[in-house]
Amino acid sequence: MRRYFVGGNWKCNNTLAQTQSLINSVINKLVFDTNKIEVAVAPIFLHLPWVQANIQKNVQLAIQNSSLTKMGAYTGEISVEQVKDFGIPWVILGHSERRQFYGETNEIVGKKTRLALDQQLSVMACVGEKLADRESGQTTNVIQAQLAAIKKELTIEQWSKVVVAYEPVWAIGTGKTASPEQAQEVHAFIRGWLKSQIGTQAEQATRIIYGGSVTEKNAADLIKQPDLDGFLVGGAALKPAFADIVAAANKGR
Ligand code: 13P
């Protein structure tokens, strides 16, 4: 019932020539069933015009961040109105790198999510625990607090435009993937939270995707988990391996 979702988060990687090559040699050659799976990629802001003009129609675009402020005198920002105006349907918010390096708190992520949804954008909302949280048994508390800050800002209807990305911080860029069982445990927790805090519709319809060292080698095992609806891919999204990850999701459970 839920369509799988695979996002490629390109982070602050690639020159324009590298992005062009990735689009031409990997992204525009992806073949998948759009009834079964959605695919979106997130280049850096500056590359979006070229990518938008040259990407195959089945792959959607995402922006990696949006502003906490609206259009106006806010030097260096890009607001959700401008994202919408430019025709970008998706925004990644609350990525752990934004939280870690740019001071984004749960409250900021909640507010940014509301601003984006108020513009009818769709949001990949990222949550995840640090290694120390996991080791001290705080994983679900941390995730619950991250989700609660988003819930506080949204109407129940707005959850239909949210994909929750579970990205354990200790697995991002480390080559240490959560095992399928570890991922499923947290995904099931998030689904339970959606049921108790938002409602049955959100519980059943919300995609919960996994991110953190996803590769062409582990994607097929991860996707077998019943509460795992796809991936948010970093490093492997810059390589031909992304095609294998999309193929694994297209095959499904
Ligand atoms: P890696 O796939 O490089 O671990 O990054 C995951 C991620 O942060 C996606 O948003």
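Meeting the requirement of 1 or more residues that are polar (S, T, N, Q) and either surrounded by 19 or more Cβ atoms within 10 Å (Cβ to Cβ) or in contact with an Asp or Glu (Cβ under 8 Å, 6 or more places away or on another chain) (or both), the helices (runs of 4 or more DSSP H) wholly within segment 171-250 are 180-197. Thr177 meets the conditions (1) more than 16 Å from the chain's Cα centre (by Cα); (2) more than 21 Å from Asn218 (Cα to Cα) in every case but one. The failed one is (2).
Please determine, by comparing only the residues of segment 57-99 that are away from the ligand (no atom under 16 Å from the Cβ) and aliphatic (A, V, I, L, M), which one is nearest to Gly173 (Cα to Cα). So, considering only residues that are away from the ligand (no atom under 16 Å from the Cβ) and aliphatic (A, V, I, L, M), the one nearest to Gly173 (Cα to Cα) is Val59.
For Ser160, the conditions (1) part of a helix (DSSP H, G or I); (2) of a type in the set (Gly, Ala, Ser); (3) more than 17 Å from the chain's Cα centre (by Cα) are fulfilled apart from (3). Considering only segment 1-15, state which residues are in contact with a helix residue (DSSP H, G or I) (Cβ under 6 Å, 6 or more places away or on another chain) and away from the ligand (no atom under 15 Å from the Cβ). Tyr4, the sole residue that qualifies. The set of residues from segment 144-189 being hydrophobic (A, V, I, L, M, F, W, C), closer than 22 Å to Pro226 by Cα and away from the ligand (no atom under 16 Å from the Cβ) comprises Leu147, Trp159, Ala188, Phe189.
Counting only residues that are over 21 Å from Gly235 (Cβ atoms) and surrounded by 19 or more Cβ atoms within 10 Å (Cβ to Cβ), segment 39-66 holds 1 of them.
In segment 13-35, the residue that is surrounded by the most Cβ atoms within 10 Å (Cβ to Cβ) out of those that are among the aliphatic types (A, V, I, L, M) and under 21 Å from Lys251 (Cβ atoms) is Ile27. The residue that is farthest from the chain's Cα centre (by Cα), counting only those in segment 223-236 that are among the hydrophobic types (A, V, I, L, M, F, W, C) and within 12 Å of the ligand (Cβ to nearest atom), is Ala236. Selection within segment 100-123: residues that are of a type in the set (Ser, Thr, Tyr) and farther than 23 Å from Val39 by Cα. The member of this set that is farthest from the ligand (Cβ to nearest atom) is Thr105. Within segment 195-221, residues that are within 13 Å of Val162 (Cβ to Cβ) sit with their Cβ atoms under 7 Å from residues that are within 16 Å of the ligand (Cβ to nearest atom) and of a type in the set (Ser, Thr, Tyr), at 6+ positions apart or across chains, in these pairs: Ile208/Tyr166. Within the span defined as segment 37-49, one or more residues are of a type in the set (Val, Ile, Thr), part of a loop (DSSP other than H, G, I, E, B) and closer than 24 Å to Leu117 by Cα.
Read-outs: derived from the displayed coordinates by stated rules, not from any lab. Here the structure is a predicted model, which is why all the values come from computation and not from measurement. Using ideal geometry, Cβ is built from the backbone for each residue, glycine included, and neighbour counts are taken over all protein chains shown.
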